[in-house]
Amino acid sequence: MPYSGPEVSDYVFVGEAPGVDENRQMVPFVGKTGREVNEHYLPLAGLRRDRCHVTNAIQCLPDRPHGRLDLTRQADRDLLLACSGYHLAGELEQAQPKLIIPMGLLACYAIDPDINLELQHGIPMETAWGTVFPMYHPAGGLHEPKKMLMIRNDWVRLGKYIKGKLREPADHYPYPSYSEISAQELFDDYLECNDYTRPLACDTEVTRFREPFCLSFSDAPGTGRLIRAEDTESLEIFQAILDRWEGPILFHNWLFDYSVTQAMGLRFPHKLIVDTMVRTYHLGNLPQGLKALAYRLLGMKMQDFDDLVTPYSTPLCLEYLRNALPLDWPKPDEQLKRDDQGQWKLYKPQSMRTKLKRFLTDYQKNPAKDVYKSWDNWEDSHELIQKVCGSWPGKDIRYVPMDKVIYYACRDADATLRLWPVLQGMTRQVRRKLSEHWE
């Protein structure tokens with residue numbers, strides 16, 4: 001399918017792949033989504049369709065269910081990169097755009113596989129192709145109405161960026177102060193303070209068994225302090241601080257943290273609790289995840305939990321499997337199962353030794369193989385192997401060096417505190433607009 005619009009254009013819009021209507025007419029974005037783009041979204045950005053170069057990452061209707069690719073499948077990723085690599089590079093060189101706007105996960109992946117759409121949608125960024133403005137696919141608003149406000153907002157942001165009026169968030173505390181706090185420091189710096197009316201942001205971390213690991217808190221932007229779950233002396237002093245506190249106590253997802261704080265023996269005054277995730281949900285046009293929120297509203301870069309724990313957990317999991325391999329495993333009993341045609345067949349499951357040997361051989365050839373996914377696929381064998389080898393290590397924050405845990409945990413509390421005044425301002429703005437509308 002060829003592109004539409006001028007060959008050379010300041011703005012190149014890259015969709016994912018043609019739908020049924022586009023495939024029939026051989027023009028990108030001509031169906032329901034196309035009308036939405038032409039009549040609603042482009043005007044929001046101050047653009048006209050006939051002045052924009054519009055194309056797709058994949059030029060043919062994919063031979064997949066409903067014509068959709070799945071980026072979790074290697075074959076689909078290969079198809080996407082093969083098709084886009086063949087035509088898109090030359091097309092972009094000819095168009096000489098000032099700005100490339102990939103729309104949807106597939107289009108973003110074709111332009112730059114490192115684009116994190118949840119974090120970076122509606123935010124300009126530099127890539128090997130030049131400046132890129134990643135956006136959700138406009139069809140998302142038709143399929144998921146709850147996304148429509150978010151998509152609409154991104155097109156408004158695009159218009160502001162084109163006019164040079166888009167304000168991008170910046171981290172105002174690039175060198176934060178995060179540390180573990182002792183009981184004496186808690187007593188001196190917090191218990192005897194004169195102001196208990198300011199906001200206090202808190203967060204918790206747990207082990208893979210959902211046991212409390214630590215509590216982090218922040219009462220000033222760019223700062224964070226951590227108390228270990230086993231530090232009962234510090235927790236007792238923190239409870240005394242809570243008993244005196246009068247200002248809002250902020251959590252991002254209090255429903256999760258509540259049971260953790262209870263297990264630590266802490267009693268938070270419920271009337272002071274403010275759940276910033278709930279406040280975000282009520283605004284309707286923001287991601288609810290803390291890390292995405294902090295990046296988009298505050299310019300804060302935060303580490304994902306998996307990225308924190310996986311490098312330290314994986315070696316322990318591999319050692320666990322290697323130690324299990326030479327053990328004497330019983331042969332599994334044959335099982336009677338129905339096949340796809342409904343006929344009974346005698347099924348002989350793989351032995352534990354065969355599973356282990358096959359995985360470790362594959363891992364040696366391909367270290368990118370997911371050890372955790374393989375373990376999940378052996379669910380029927382979990383009881384057997386753990387009875388002999390002990391508990392599966394899994395992903396656990398306990399394996400991470402403490403300095404990295406401190407930074408990770410304190411940053412969550414710091415981000416929650418910094419978000420609070422921003423969310424308050426956005427809420428006031430919404431209320432003011434609603435009030436003006438109903439007057």
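The values are calculated or read from the model by the stated rules, or taken from the named source; none is laboratory data. No experiment lies behind these values; they were computed from the predicted model shown. Neighbour counts are summed over all protein chains in view; Cβ atoms, including those assigned to glycine, are modelled from backbone coordinates with ideal geometry.
Tell me which residues, restricted to the range 198-228, are more than 17 Å from Ala413 (Cα to Cα) and in contact with a Lys or Arg (Cβ under 7 Å, 6 or more places away or on another chain). Walk me through it before giving the result.
Let us first name the residues in the range 198-228 that are more than 17 Å from Ala413 (Cα to Cα), namely 207-211.
Thr207, Arg208 - these are the residues of the range 198-228 that are more than 17 Å from Ala413 (Cα to Cα) and in contact with a Lys or Arg (Cβ under 7 Å, 6 or more places away or on another chain).
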**Request:** Taking Ala220 as meeting all but one of (1) surrounded by fewer than 18 Cβ atoms within 10 Å (Cβ to Cβ); (2) assigned to a helix (DSSP H, G or I); (3) touching a residue at least 40 places away in the same chain (Cβ under 8 Å); (4) among the hydrophobic types (A, V, I, L, M, F, W, C), write down the number of the exception.
**Result:** (2)
**Message:** From the list Arg208, Arg198, exactly one residue is charged (D, E, K, R), closer than 24 Å to Leu272 by Cβ, out of contact with any strand residue (DSSP E or B) (no Cβ under 9 Å at 6 or more places or on another chain) and in contact (Cβ under 8 Å) with a residue 40 or more places away in the chain. Which is it?
**Reply:** Arg198
**Message:** Just to be sure I understand the filter: pairs with C-beta atoms under 7 Å, separated by 6 or more residues or on different chains, first member in the range 373-389 and within 16 Å of Asp362 (Cα to Cα), second member assigned to a helix (DSSP H, G or I). Which pairs pass?
**Reply:** Ser374/Phe359; Trp378/Lys355
**Fill in**
Every listed condition ((1) in a helix (DSSP H, G or I); (2) over 27 Å from the mean Cα position of the chain (by Cα)) holds for Asn194 save (1)
**Item:** Search result, residues across the range 383-418 that are assigned to a helix (DSSP H, G or I) and either basic (Lys, Arg) or outside the structural domain of Arg225 (by TED's automatic domain parsing) (or both)
**Value:** Lys387, Arg398, Lys404, Arg411, Arg418
**Asked** Of the residues Asp231, Asp195, Asp257, Asp189, which single one is farther than 19 Å from Ala409 by Cβ, of a type outside the set (A, V, I, L, M, F, W, C) and out of contact with any Pro (no Cβ under 7 Å at 6 or more places or on another chain)?
**Response** Asp195
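Residue-wise test of (1) more than 25 Å from Ala170 (Cα to Cα); (2) of a type in the set (Gly, Ala, Ser).
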{"position": "Pro212", "(1), (2)": "yes, no"}
{"position": "Ile237", "(1), (2)": "yes, no"}
{"position": "Gly247", "(1), (2)": "yes, yes"}
{"position": "Ser259", "(1), (2)": "yes, yes"}
{"position": "Lys271", "(1), (2)": "yes, no"}
{"position": "Thr276", "(1), (2)": "no, no"}
{"position": "Leu286", "(1), (2)": "no, no"}
**Request:** Would you tally the residues in the range 396-411 being surrounded by fewer than 24 Cβ atoms within 10 Å (Cβ to Cβ) and touching an Asp or Glu at 6+ places or on another chain (Cβ under 7 Å)?
**Result:** 2
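Mind listing just one residue for me: the one in the range 81-99 that is buried (at least 17 other Cβ atoms within 10 Å of the Cβ) and out of contact with any helix residue (DSSP H, G or I) (no Cβ under 6 Å at 6 or more places or on another chain) and, of those, nearest to Met125 (Cα to Cα)?
Looking only at the range 81-99, we keep the residues that are buried (at least 17 other Cβ atoms within 10 Å of the Cβ), and these are 83-84, 87-88, 91-92, 95, 97, 99.
Then drop every residue that is not out of contact with any helix residue (DSSP H, G or I) (no Cβ under 6 Å at 6 or more places or on another chain), which leaves 83, 87-88, 91-92, 95, 97, 99.
On the way: Cys83: 24, His87: 23, Leu88: 19, Glu91: 20, Leu92: 17, Ala95: 19, Pro97: 14, Leu99: 10 Å.
Going through the qualifying residues, I end up with Leu99.
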**Asked** Within the range 335-351, which residues are surrounded by 10 or more Cβ atoms within 10 Å (Cβ to Cβ) and not in a strand (DSSP E or B)?
**Response** Lys348, Pro349, Gln350, Ser351
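Could you check the range 112-180 for helices (runs of 4 or more DSSP H) lying wholly inside it with 3 or more residues that are outside the structural domain of Ala201 (by TED's automatic domain parsing), farther than 22 Å from Phe29 by Cα and not hydroxyl-bearing (Ser, Thr, Tyr)? Give the derivation first.
Working: elements: 117-120, 140-143, 148-162.
Where helices (runs of 4 or more DSSP H) fall fully within the range 112-180 and carry at least 3 residues being outside the structural domain of Ala201 (by TED's automatic domain parsing), farther than 22 Å from Phe29 by Cα and not hydroxyl-bearing (Ser, Thr, Tyr), they are 117-120.
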